[in-house]
There are 2 protein chains.
Amino acid sequence: MEFLKDYTYKINKGLQDIELSKAPSNLYDPLRYFFRLGGKRIRPILTLLAAERFDKNGVTDPLNAALSVEIFHNFSLVHDDIMDKAPVRRGQQTVHEKWDQNIAILSGDVMLVKAYQYLNTYSPAIANQLITVFNKTAIEVCEGQQMDMDFEKISKVSQDEYIRMITLKTSVLLGCALKMGAIVGGADPKEQGDLYAFGLNMGIAFQIQDDLLDLYGDPKLVGKQVGGDLIANKNTLLMVVAKEVANEKQLSTLQTLSNEPNITKKIEGIIAIFKTLQVQEKCLELMGDFYEKAEYHLNKIGLNNSESALYILTRELKKRSY
Amino acid sequence: MEFLKDYTYKINKGLQDIELSKAPSNLYDPLRYFFRLGGKRIRPILTLLAAERFDKNGVTDPLNAALSVEIFHNFSLVHDDIMDKAPVRRGQQTVHEKWDQNIAILSGDVMLVKAYQYLNTYSPAIANQLITVFNKTAIEVCEGQQMDMDFEKISKVSQDEYIRMITLKTSVLLGCALKMGAIVGGADPKEQGDLYAFGLNMGIAFQIQDDLLDLYGDPKLVGKQVGGDLIANKNTLLMVVAKEVANEKQLSTLQTLSNEPNITKKIEGIIAIFKTLQVQEKCLELMGDFYEKAEYHLNKIGLNNSESALYILTRELKKRSY
């Protein structure tokens, strides 16, 4: 996003400046490669914004904390891509495709350790707090990824379980990114908690929005095939909600459609059932609830005004393609 | 080892007492399984012994630091087993065999984070020092594993490169285990350095001894096939040394033997060349040098007496099957 370009630049420069040995090249080349693939850098930017909110004179530089969040995110992508057998990431080959799987496992491992190295550059008292929230988050992210893999083998997942999975897999890291910024910036525990809750709820809302955009987004803006997740029979909140309210006959039709080879027929069939069941409305309402909770916590730390970068960011994310 | 049985018990109990969530079971069951597979627990015992040396009144409990070393070691085994496609570990199925590869990647990741959780239980000042040495070591272990994988694709590895690889892959963790114990026990930086150097050199000697035992050990005591590593064409110091001093003809014979399907013929052929080239003597001498360096550093902290557990441990390890 344009108004964040200085922050994006700072993060990208920070990633490029990470000192990595030349050898073994099969270990470190994947890190150099992956750090340059780009991305929105939302997570580390949240850390920088949170720190600035409390440390207006920039006494403690939040860059290393921000980098550790982004490095961790990259670690999880490298390992997730192996697990998902994904060939492409950000338009480029994934690490296990470009090199091989063993190299992807090991260079992911080294990324995770690098994230801790950046956390441990702070004073012991700060580092201790950062590592505490980071550890908790890292474990939750692993739990979320495992739940996601488990769900692929289950025909029916409840709405609560699904929300729990996306919370762990993606939202806790947004909360963590903000809380780490708050810690570096010297916020008190209450403020840290509100920023964390803001990030968590915004992350959930954001993920629900992704699921909605997959089917109902403007294809030109979303930049991928309409209903791509549904065609691939991936779990999305839409399907979870549909299955929770569907009757026997509708469930059976959804089951038949999951094996339908004709993509147009498949998507049209699913859309028809979703319409009858008011799936879009139900998901929009749920998303609205989480955005509302996020804004409530932002409000509590006095950041719900048009000059606050976190407020603008939330507003920008919220209006994506709607 | 019998004289260490109280320590082994302490570590095993500590591992069993680690609090792990029930769900997702596919994430945590592999940890419960792997922690119970057993093992000599040498690394965490080194941490306990080092701490006791300096903190005679047991002011700070070194157990969590010791556990973090063992958890890290287990993490590296789970991931290495995937990379090596190893079906068996300690007589039982490896994690990727018993569950699947994705589960092995992810439960390994969670182990690594758990190791940091145990390190971060100490006071910020101590935790900061522990995490510094731990990070450095973890990265070196990854580098060693990558070098090991790279070497499999190279026909000739120099003796120095090989020693560098085993140093990173296995020895630095012994040095780290001891240094972490020294930090918890309140040793000064010089003492920490000597303990680290003791562990590092002992680790290298120990690894060379493993390579020697593969071919020259008493099969009853070693508990595996004589020359197993050589049959599998694995890199060992013996082959590295042999290739460094072999003439063209001997090199060519070794090359031919690497493809020899008759195991007896293969091993006898290799033994004959090794004898001509005095490979065993050369490796024994090298091993002796590293044990000597290890003892020199132990001496500097006044631990080279028969009452010192570290001294007894070194002596016991040294006399394995010779």
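Quick note: the coordinates plus some simple rules give every number you see, no bench work behind them. Computed from a predicted model, the values in this text were never measured in an experiment. Heads up, the Cβs are rebuilt from the backbone with ideal geometry, glycines too, and the neighbour counts pull from every protein chain shown.
Shown is the FRET efficiency for B:Lys265 and A:Tyr33, computed with R0 = 41 Å from the Cβ-Cβ distance and rounded to the nearest 0.05: 0.35.
Kirkwood Rh over alpha-carbon pairs of chain A, then Stokes-Einstein at 37 °C and 0.692 mPa s: what D in µm² s⁻¹, rounded to an integer? Rounded to a whole number, D works out at 158 µm²/s. With Rh defined as the Kirkwood radius, the inverse of the mean 1/r over Cα pairs, the Rg/Rh of segment A:188-322 is 1.08. Mean sequence separation of contacting Cα pairs (under 8 Å, at least six apart), scaled by the length of segment A:65-112, corresponds to a relative contact order of 44 percent.
Going from the residue with the fewest nearby Cβ atoms within 10 Å to the one with the most, B:Val95, A:Val241 rank A:Val241, B:Val95. In chain A, a dipole from Cβ-located charges (positive for Lys and Arg, negative for Asp and Glu) runs towards its positive end, and of A:Val172, A:Phe35, A:Phe198 it is A:Phe35 whose Cα lies farthest in that direction. Just B:Leu173, B:Leu106, B:Leu119 to compare: in a GNM of chain B, with alpha carbon springs under 10 Å, which one fluctuates most? In the Gaussian network model the winner is B:Leu106. When chain A is turned onto chain B, the axis of that turn runs closest to one Cβ of chain A, and that residue with its distance in whole Å is A:Pro124, 2. This ranking places B:Ser306, A:Ser76 by how few other beta-carbon atoms lie within 10 Å of each, fewest first, which gives B:Ser306, A:Ser76.
With contributions of -39500 (n - 2.57) from each DSSP H run of at least four residues, the per-residue ellipticity at 222 nm computed over chain A stands at -23000 deg cm²/dmol.
To the nearest 0.05, what FRET efficiency results for A:Gln255 and A:Lys275 with a Förster distance of 22 Å applied to their C-beta separation? Plugging the Cβ-Cβ distance into 1/(1 + (r/R0)^6) gives 0.75. Remark: mean inter-chain Cβ contacts per residue of B:19-25 equal 3, using a 10 Å Cβ-Cβ cutoff to other protein chain atoms. When each full DSSP H helix of chain A is screened for a Cα extent of at least 24 Å along its own axis and an average Kyte-Doolittle hydropathy of at least 0.0, the helices passing are A:63-83, A:101-119, A:124-151. Which value does Rg/Rh take for segment A:1-152 over its C-alpha atoms, Rh per Kirkwood? Rg divided by Rh gives 0.97. Sorted from closest to farthest, the other copies place their A:Pro189 label points 3.5 nm away, with each point set 7 Å from Cα along Cα→Cβ. The same position B:Lys153 in the other copies lies at 3.2 nm from this copy, comparing label points 7 Å beyond Cα toward the beta-carbon, shortest first. A cut-off of 5 Å between modelled amide H atoms, ignoring neighbours fewer than 5 places along the same chain, links A:Arg89 with A:Thr94.
Please work out the Cα center distance from segment A:60-91 to segment B:196-263, rounded to the nearest Å. Taking the Cα centre of each part, segment A:60-91 and segment B:196-263 sit 39 Å apart. This model, with +1 at the C-beta of Lys and Arg and -1 at the C-beta of Asp and Glu, gives segment A:1-152 a dipole about its Cα centre of some 580 debye.
What length, rounded to one decimal in nm, is gained on full extension from B:Gln101 through to B:Ser306, with 0.36 nm per residue of separation minus their alpha-carbon distance?
Details: separation 205, 0.36 × 205 = 73.80 nm, distance 4.64 nm.
Extra length from B:Gln101 to B:Ser306 when fully extended: 69.2 nm.
Since only A:Tyr118, B:Gly228, A:Ile45 are under comparison, the one whose Cα sits farthest along the positive direction of the charge dipole of the protein assembly as shown, derived from C-beta charges on Lys, Arg, Asp and Glu, is B:Gly228. Sequence-distant contacts, meaning Cα pairs under 8 Å at least 6 residues apart, place the relative contact order of chain B at 17 percent.
Taking the Cα centre of the protein assembly as shown as origin, work out the dipole magnitude from +1 charges on Lys and Arg Cβ and -1 charges on Asp and Glu Cβ, in debye rounded to 20.
For the protein assembly as shown, the charge dipole is close to 320 debye.
For segment A:49-133, the set of chymotrypsin sites (Phe, Trp or Tyr not before Pro) satisfying both a DSSP loop assignment and a count of at most 12 other C-beta atoms within 10 Å is empty. The calculated FRET efficiency for B:Val59 paired with B:Lys136, based on their beta-carbon distance and R0 = 30 Å, is about 0.70.
Sparsely packed loop sites in segment A:148-200 (the trypsin sites (Lys or Arg not before Pro) outside DSSP H, G, I, E and B with at most 16 other Cβ atoms within 10 Å) comprise A:Lys153, A:Lys156. Ordering A:Thr276, A:Leu237, A:Gln255 by the projection of their Cα atoms onto the charge dipole of segment A:230-281, which places +1 on the Cβ of Lys and Arg and -1 on the Cβ of Asp and Glu, puts A:Gln255 at the extreme positive end.
Taken over the protein assembly as shown, the alpha-carbon convex hull comes to 175 cubic angstrom per residue. For segment A:243-322, GluC sites (Glu not before Pro) meeting the loop criterion (DSSP other than H, G, I, E, B) and having at most 16 other Cβ atoms within 10 Å: A:Glu307. Computed on segment B:97-230, the Cα convex hull volume stands at 152 Å³ per residue.
What separates the B:Gln255 label point from its copies, with the point 7 Å along Cα to Cβ, is 6.3 nm, written shortest first. Its Cα centre serving as origin, chain A has a Cβ charge dipole (Lys and Arg +1, Asp and Glu -1) of approximately 520 debye.
Can you flag which of B:Lys234/B:Lys282; B:Lys156/B:Lys275; A:Lys85/A:Lys266; B:Lys114/B:Lys220; A:Lys85/A:Lys114 are past 27 Å Cα-Cα?
Working: B:Lys234/B:Lys282 19 Å; B:Lys156/B:Lys275 20 Å; A:Lys85/A:Lys266 24 Å; B:Lys114/B:Lys220 37 Å; A:Lys85/A:Lys114 24 Å.
Beyond 27 Å: B:Lys114/B:Lys220.
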